[in-house]
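K.L.:
Could you have a look at this structure, given as structure tokens, before my questions?
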Amino acid sequence: MTTVSAVRALQIFDSRGNPTIEAEVTLSGGARGRGLVPSGASTGHHEALELRDGDPQHFRGRSVRRAVGHVEGEIARAIVGRDALDQSGIDAALIALDGTPNKARLGANAILSVSLAIAAAAAQARGLPLFAHLGGDGGTLLPLPEIQIFGGGKHASGRVDVQDFMVVALGAHTYAEALEMTFNVYQAAGDVLRRHSRLAGVADEGGYWPEFDRNEDALAALVEAIELAAYRPGRDVAISLDIAATDLFRDGGYSFGTERRRFSSKAFTDLMIGWVRNHPIASVEDPCAEDDWEGWQRMHQAIGGSCQLIGDDHFTTNLARIERGIRAQTANSVLIKLNQIGTVTETLAAIRRTQAAGWLPVISARSGETEDAFIAHLAVATNAGQLKVGSFTRGERMAKWNEILRIERQLGARARFVGADLFAQAGIVLPFR
Ligand code: 2PG
Ligand code: MG
């Protein structure tokens, strides 16, 4: 009943309109599952390879016909006849079939589409929602949302240098309350930008695209929005930043293009440490470039006990890099993105290792997303505790926030929400709480 009988693939389009891949797996009992693959813009160099055709005549080189061909050819031949309940066996077979360390031959997008589709088909065959299939009875924790209010960096033509200005509703007692608080701040932030004539548009993940001359002006505007929504900055609603500093790093130093400022690694970490100390910031992601290990250690020493410090490009959901970070104490949290590593099994291993170290996993979408809500299920299945999906607008973002509401209803009395207590559980004492 759960034997893979067919594997198909399709070139579809992501939230930026770029081609991406969808796989569909059919099982012998008739169950079906789909896997839709997202795509990043501010990508880390250690990510698994996203295979694109590179033909300038089609979609500016971005089509994924070869990846589709790999799924329907080699990959289908390798997994038809296998048991879809054996996710780790199938994922291991896909990794071995590819044969490269970064899935460069078949493409991590091709491999992930199938890995996701296998999980979805197996869940359907078992008659279980995806989170219950992936997490068993133990996955019951609803995530604290990290939601983007302003978008910058590569997602908004670099108009502000910092990529994501987000909020976390620390004062929320339920998931639904966290959404309502975020809605209020998002709406207020629009009012603030319009009032200051700083609204330039909407960035890739649905956050406002602000036109500021200094990055810290955006921080100030966000605090103003929190207050306008009648919340206490820090206590009720805190700030979460993704600096995406790999994109700011060139020739051994960091630069803020909008401010025409350049920094040594030491000067940039000092600036980041100052921001965290002087603003109600609960979480900061990639404040250092991916391989600036010393900068990361300096950051961790200075703020690791009082702020969530997330590695995204720094770790790329890669177990070896996470292990090295745990040994070197460079962070206290790992951003988890399925397509950085390329299979469900490796993603689950990265989450488990993060949790075993007493660190916090944050399950994340990409800037180029699809309508699929797999990551909402992944967050609950693994009790990750946090979910980052971009803003509180646009279908591809809302699909994930809404899916958590459905999961909450399915879980009924078993659903848990611990909200801001997560940080204390990981030994992070937010000074303003
Ligand atoms: C990130 C993500 C989401 P991208 O950097 O965390 O904001 O962006 O998918 O472009 O890497
Ligand atoms: Mg990031």
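Bear in mind that the values in this text are calculations on the coordinates, not laboratory data. This structure is a prediction, so every number in the text was calculated from the model and none was measured. Note that we place each Cβ from the backbone using ideal geometry, even for glycine, and neighbour counts take in every protein chain shown.
K.L.:
With +1 on the Cβ of every Lys and Arg and -1 on the Cβ of every Asp and Glu, and nothing else charged, how large is the dipole of the chain about its Cα centre, in debye rounded to the nearest 20?
P.N.:
So the magnitude is around 300 debye.
K.L.:
Would you give the gap between the C-alpha center of region 259-285 and the C-alpha center of region 158-197, rounded to a whole Å?
P.N.:
21 Å
K.L.:
State the extension gain, in nm to one decimal, for the chain segment bounded by Val202 and Ser255, taking 0.36 nm per residue of separation less the distance between their alpha-carbons.
P.N.:
Length difference between fully extended and current span is 16.7 nm.
K.L.:
Then there's this: Quick one: work out the % antiparallel among DSSP beta bridges in region 136-425, nearest 5.
P.N.:
So the antiparallel bridges in region 136-425 amount to around 45 percent.
K.L.:
For the residue pair Ala220 and Arg277, what label-to-label distance in nm results when each label sits 7 Å from Cα along the Cα-to-beta-carbon direction?
P.N.:
A separation of 2.0 nm, rounded to one decimal place.
K.L.:
Now, a different point. Please compute the contact order of region 276-433 in relative form: average sequence separation of alpha-carbon pairs under 8 Å and at least six residues apart, divided by the residue count, as a percent.
P.N.:
19 percent
K.L.:
Given the Cα-Cα distance of Ser88 and Trp293 and 0.36 nm per residue of separation, how much length would full extension add, in nm? Display every interim value, and only then the final one.
P.N.:
Values: separation 205, 0.36 × 205 = 73.80 nm, distance 3.15 nm.
Working it through step by step, the gained length comes to 70.6 nm.
K.L.:
State to the nearest 20 debye the size of the charge dipole of region 117-187 about its Cα centre, where the only charges are +1 on K and R beta carbons and -1 on D and E beta carbons. Let's see the in-between values first.
P.N.:
On the way: 3 positive and 6 negative charges, 52 e Å.
Dipole size: approximately 240 debye.
K.L.:
So for region 163-275, taking the charge dipole from beta-carbon charges (+1 Lys/Arg, -1 Asp/Glu), which of Ala172, Phe183, Pro233 sits furthest toward the positive end?
P.N.:
Pro233
K.L.:
Arrange Thr2, Thr174, Thr317 by Cβ neighbour counts within 10 Å, fewest through most, would you? Don't skip to the answer; put the middle values down first.
P.N.:
On the way: Thr2 18, Thr174 13, Thr317 29.
Placing the least packed residue first, the sequence is Thr174, Thr2, Thr317.
K.L.:
Positive end of the charge dipole of the chain (Lys, Arg +1 and Asp, Glu -1 on Cβ, about the Cα centre): tell me which of His314, Thr354, Ala78 has its Cα farthest that way.
P.N.:
Ala78
K.L.:
For Ala356 paired with Asn18, estimate the spin-label separation in nm (one decimal), with each label point 7 Å from Cα along the Cα-to-Cβ line.
P.N.:
3.3 nm
K.L.:
Taking Cα pairs under 8 Å and at least six residues apart, what relative contact order does region 136-425 come out at, in percent?
P.N.:
23 percent
K.L.:
Which net charge results for the neighbourhood of Ser391, defined as the other residues with beta-carbon distances under 9 angstrom from its beta-carbon, given Lys and Arg at +1 and Asp and Glu at -1?
P.N.:
Working: positive: Arg394, Arg397; negative: Glu205.
Around Ser391, the charge tally is +1.
K.L.:
Nearest 500 deg cm²/dmol is fine: what mean residue ellipticity at 222 nm does the chain get from its DSSP H runs of n ≥ 4 alone, each adding -39,500 (n - 2.57), divided by its residue count?
P.N.:
It lands at -11500 deg cm²/dmol.
K.L.:
Roughly how many nanometres apart are two label points built 7 Å out from the Cα toward the Cβ at Phe432 and Gln301?
P.N.:
Each label point lies 7 Å from its Cα, and together they span 2.6 nm.
K.L.:
Something else about it: With charges set only on the Cβ (+1 for Lys and Arg, -1 for Asp and Glu), what does the dipole of region 305-406 come to about its Cα centre, in debye to the nearest 20?
P.N.:
Values: 12 positive and 9 negative charges, 47 e Å.
The calculated dipole for region 305-406 is roughly 220 debye.
K.L.:
Something else: For region 277-286, in order, what is each residue's ³J(HN,Hα) by Karplus, 6.51 cos²θ - 1.76 cosθ + 1.60 with θ = phi - 60°, in whole Hz (x at glycine and Pro)?
P.N.:
Whole-Hz 3J(HN,Hα) from phi for region 277-286: 6, 9, 10, x, 9, 8, 8, 9, 10, 6.
K.L.:
Can you give the local net charge around Ser333? Use residues other than it whose beta-carbon is closer than 10 angstrom to its beta-carbon, Lys and Arg +1, Asp and Glu -1.
P.N.:
The answer is -2.
K.L.:
Per-residue HN-Hα couplings for region 324-330, Karplus 6.51 cos²θ - 1.76 cosθ + 1.60 at θ = phi - 60°, whole Hz, x for Gly and Pro?
P.N.:
5, x, 5, 5, 8, 6, 9
K.L.:
Something else now. Given H placed 1.01 Å from N in the peptide plane, which residues other than close sequence neighbours of Ile281 have an amide H under 5 Å from its amide H?
P.N.:
Ile239
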